[in-house]
Amino acid sequence: MTFNESRFGGAVLIRPAGRIDLSNAEAFKEALLAALASATTAVVVDLGAIDYISSAGLRSMVIALRSAKSASKGFAVSGLTPMVLEIFTISRFNLVFSIHASARDALAAVSPDALIAFDAS
Amino acid sequence: MKITFWGTRGSLPAPLSGRSVRRKLVNALVKGANRGLDTPEKAEAFCDEAMSFAEWSTFGGNTSCVQVDTGGTDYLICDLGSGAREFSLSALGKHGPAAPQTYHVLVSHVHWDHIMGFPFFVPAFIPGNHIRIYSCHPKFEEAIRGQSHAPCFPVEFSALPASIEFITLETGVPYEIAGATVTGMAQLHGGESFGYRIEHDGKTAVYTTDAEYKPDDYGLMDRTAAFFRGADLVIFDAMYSLAESISVKEDWGHSSNIMGVELCQMAGARQLCLFHHEPVNDDQRIQDILAETLRFEEITRSGDKLEICAAYDGLVLEL
Ligand SMILES: [Zn+2]
Ligand SMILES: [Zn+2]
């Protein structure tokens, strides 16, 4: 799994790539928490390059979501491939996370500044 | 090894309501309209061919009781939920009250839904029967004796004419019980709970209910996969969705269908049986959860296919 991070206004967009499972869920969690710490308004996790996420990876996202809520920061998810969307639906995480079709939509939902910065980039 | 499910609900019995029966009836009448279903045989064939399980049947509403038949003369069951009454009536129906039997019972823990059937366990009321109750739980004898006691029940435990023994088991130690080898494992659950691995003649069933498995507790995941290793059947607490069990209902002591699939895949188990159904879920809902679980297994499969079923009262599985 690799991470690609970019900043739009006060928001951080993080794009992991590959599989998220027991072997790297801890690193995924640390990357999400680090992104949250550096973001002033919100984190968007774009899963467009993720082809599989296991329960351990979803758990990492739950921990990040809780951390975002307690810090009053936004947390949104975007770009789910059809298979990852199926995993979210079967596990009912579609009811837990704010899910958007594209990173742009997710940034727009979490912060107007982030959208302006994204469109200007 | 033959497994018979006598009670499959979690938490409390969930009888099918009159409204649900009517909904099934209306659905069947509409579906079968103008099909010339004028004999029981034609109607039976229509149920088999054109209706789903949730439409023509029900998953049932009794709480945990699962019979493990290893081919011997003694009986072996897991838990004494309300399904234990049905089990005991069936056993008595087979032998009649005059032929004493030996019943071995493995108790996962003492939450009420797992012991509530004992006061109605008919063999306990018949002299000559032997009932041997085993558990790794430290308070199982106290709890089972305690519920057959005034003011909660009119027949005192001490007045039961059958011979009843309580045998405490240690986790991780194999015991010979009713011709099978039984090993217990501690599980995460409020007030303690224990799973049992039951082996006989090259076949293995694991009974693991009222157990929470945390995906980021790597030690627990590994220990559990080792406990399930190569099992022919894993009877698994799938009461919640994964999202519930690792977020809003974290530490409520139950697991999900997804965790069942992942653990069985890690362990190389052959079949997963979704068990301890949430009592608010109706038949259609449980059937939908089963379909989703089958799909999840399909999209995550890397080795052999994992068979998956949803337990219902009356289900029989041959291993
Ligand atoms: Zn229970
Ligand atoms: Zn319990």
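The values are calculated or read from the model by the stated rules, or taken from the named source; none is laboratory data. Predicted, not measured: the structure shown is a model, and the values here were computed from it. Cβ: placed from backbone, ideal geometry, glycine included. Neighbour counts: every protein chain shown. These accessible areas exclude ligands, DNA and RNA; they are computed on the full protein's heavy atoms, side chains included. Shrake-Rupley method; radii C 1.70, N 1.55, O 1.52, S 1.80 Å.
Remarks
- Strands (runs of 3 or more DSSP E) lying entirely in region A:1-91 (those with 3 or more residues that are over 18 Å from A:ASP113 (Cα atoms)): A:2-8, A:11-20, A:49-53
- Scope region B:256-290; condition more than 23 Å from B:PHE228 (Cβ to Cβ), away from ligand 1 (no atom under 15 Å from the Cβ), open to solvent by 30 Å² or more (accessible area, probe 1.4 Å) and out of contact with any strand residue (DSSP E or B) (no Cβ under 8 Å at 6 or more places or on another chain); matching residues: B:ASP282, B:GLN284, B:ARG285, B:ASP288
- B:ASP313 vs. criteria part of a loop (DSSP other than H, G, I, E, B), in contact (Cβ under 8 Å) with a residue 60 or more places away in the chain and away from chain A (no Cβ under 12 Å): yes
- Some residue of region A:47-63 being of a type in the set (Gly, Ala, Ser), within 14 Å of chain B (Cβ to nearest Cβ) and surrounded by fewer than 15 Cβ atoms within 10 Å (Cβ to Cβ): no
- Pairs with Cβ under 6 Å, 6+ apart, first in region A:17-30 and within 11 Å of chain B (Cβ to nearest Cβ) and crowded, with 18+ Cβ neighbours inside 10 Å, second assigned to a helix (DSSP H, G or I) and β-branched (Val, Ile, Thr): A:LYS29/A:ILE63
- Selection of first residues in region B:74-93 that are within 14 Å of chain A (Cβ to nearest Cβ) and of second residues that are within 16 Å of ligand 2 (Cβ to nearest atom) and assigned to a helix (DSSP H, G or I), restricted to Cβ pairs under 8 Å at least 6 apart or on distinct chains, gives an empty result.
- Segments classed as helices (runs of 4 or more DSSP H), wholly inside region B:46-118, with at least 3 members that are open to solvent by 10 Å² or more (accessible area, probe 1.4 Å): B:53-56, B:83-95
- Any hit, region A:35-46, residues being crowded, with 17+ Cβ neighbours inside 10 Å, away from chain B (no Cβ under 12 Å), under 14 Å from the mean Cα position of the chain (by Cα) and not hydrophobic (A, V, I, L, M, F, W, C): yes
- Qualifying position, being touching a strand residue (DSSP E or B) at 6+ places or on another chain (Cβ under 9 Å) and either at pLDDT below 95 or under 21 Å from A:LEU85 (Cβ atoms) (or both), among A:LEU13, A:LEU22, A:LEU36: A:LEU13
- Scan region B:13-31 for residues that are in contact (Cβ under 8 Å) with a residue 24 or more places away in the chain and either open to solvent by 90 Å² or more (accessible area, probe 1.4 Å) or touching a Lys or Arg at 6+ places or on another chain (Cβ under 7 Å) (or both) and the total you get is 1.
- Candidate set from region B:241-256 (those that are hydrophobic (A, V, I, L, M, F, W, C) and more than 7 Å from every other protein chain (Cβ to nearest Cβ)); member that is farthest from B:GLY195 (Cα to Cα): B:VAL248
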